[in-house]
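Visitor: I'd like to ask you about the structure that follows.
Every read-out reported here was derived from the displayed coordinates using simple, explicitly stated rules and does not represent laboratory data. Since this is a predicted model, take the numbers as computed values, not measurements.
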Amino acid sequence: MAQTNSATQEVVVTWSDEHRSAFRYGWLLARSFRYSEQCLRARWNGRAAKLWKSNLADDVLNVKFDEVSESEILTKAVTSGVLNTPT
């Protein structure tokens, strides 16, 4: 069950095990699935939205975990454009 609390500007969710989670309106809006919000996030993160196409698999970084170190994975992700770094 979810309830809104306008005084704290939160949505409070009561889960099936009775524990509660509170989410601020701004936090929820920043993670919205609306296209306009996604475009804003992309601009804030300094990258343009990239639409999925049939060749999506060609753009995915593939590495064998046991063959590279964590730093090598990050380096490959950055140089391939899979992971953007702040400028």
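Visitor: Which length gain, in nm to one decimal place, applies between residue 18 and residue 54 when the Cα-Cα distance is subtracted from 0.36 nm times their residue separation?
Guide: 8.6 nm
Visitor: Provide the gained length on full extension for the span residue 28 to residue 3, in nm with one decimal, where the gain is 0.36 nm per separating residue minus the Cα-Cα distance.
Guide: Result for the pair: 7.6 nm of gain on full extension.
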